[in-house]
Amino acid sequence: MTKISVEVPQHILDDLQNHIGTDKKFVSLSDAIRAALRKLLDSLDEIDKRHGRTSKISKGKLVEDSIKKQ
C-alpha cells in the first residue's frame, strides 16, 4: 500500500479520535481516513455522473470521457 504524508488541522484529528478505538466505528486513524476518502470519491463520482462526465483509469492514467446527452 502506498504511504502518503498529509497536514491535517489538530481540531479535525481531535474529532476523528472520538470515533477510533475499541467498540467504535474505526480501528485506526488510517482506517478512518481510507473510509473518508472512499466516501468522498463515491460522492465525486455521483456528481460527475449527474453532469454527464465519467472518468476511468486506463493503464495507470486517468482518462476523461464525456457522455453526450441525447
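Computed from backbone phi with θ = phi - 60° and the Karplus coefficients 6.51, -1.76 and 1.60, the 3J(HN,Hα) list for region 37-51 is 5, 4, 5, 4, 5, 4, 5, 5, 4, 5, 4, 4, 4, 5, 9 Hz; x is used for glycine and proline. Simple spin-label estimate for ILE12 and LYS39 gives 1.4 nm between the two label positions (7 Å along the Cα-to-Cβ direction from each Cα). Net length available on complete extension from HIS51 to ILE4 is 13.9 nm, with 0.36 nm assigned per residue and the Cα-Cα distance removed. Remark: region 18-29, residue by residue, has Karplus-estimated 3J(HN,Hα) of 5, 10, 10, x, 4, 6, 10, 5, 10, 8, 8, 4 Hz, where x stands for each Gly or Pro and the curve is 6.51 cos²θ - 1.76 cosθ + 1.60 at θ = phi - 60°.
The numbers here are math on the coordinates, done by the rules we state, and not lab data. Computed from a prediction, not measured in an experiment: that's the story for all the values here. Positions of Cβ are backbone-derived with ideal geometry, glycine not excepted, and every protein chain shown enters the neighbour counts.
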